[in-house]
C-alpha cells in the first residue's frame, strides 16, 4: 500500500519508535517515499532543499523501523530510531515551543 500522491505532497509525522515522542513533521512526494523504502532511512521533500535525507549532513539520520498510513492514505507516520536530535536547533524534537 502506498500514500495517495494525487494531490501532491503528503505530510509525514516522524515519531521515535522507542519513546513514542513526536520528533518532527515533514513532507514526502513519490521520490522521497521510494528513497525511504529503498534505503530504510527517512527522506523528505522541501521547497528550499528539494529531496533530502534527514541527517545526511549532520549525521543525525533516522532509521525507519515502521511505516503506517492513515485511513485516507494521505498522511504517513514514520516510526524511527534517530541517531541524534531531530531538530536543526539541536533539540530532541522540533515540538518544543509552548503556547500561551
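Quick notes on this one:
- The stretch between residue 46 and residue 1, if pulled fully straight at 0.36 nm per residue, gains 13.9 nm over its current Cα-Cα span.
- Between 0 and 90°, nearest 10: helix 30-39 axis offset from the chain longest Cα axis: 70 degrees
- Ordering of 81-92, 7-18 by burial proxy (mean other Cβ atoms within 10 Å per residue, highest first): 7-18, 81-92
- Spacing of the two label points (7 Å from each Cα toward its C-beta) at residue 31 and residue 83, in nm: 2.2 nm
- With contacts taken as Cα pairs under 8 Å and at least 6 residues apart, the chain reaches a relative contact order of 28 percent.
- Structure-derived semi-axes √(5λ) of the Cα gyration tensor in Å: which label, when the choices are [x] 71, 19, 9; [y] 26, 22, 11; [z] 20, 15, 14: [z]
- Take the Cα of residue 19, step 7 Å toward its Cβ, do the same at residue 69, and the gap between the two points is 3.0 nm.
A short reminder: the numbers here are calculations on the coordinates, not readings from a lab. Please read all numbers here as calculations on a predicted model, not as lab measurements. Glycine gets a Cβ as well: all are built from the backbone with ideal geometry, and neighbour counts include every protein chain shown.
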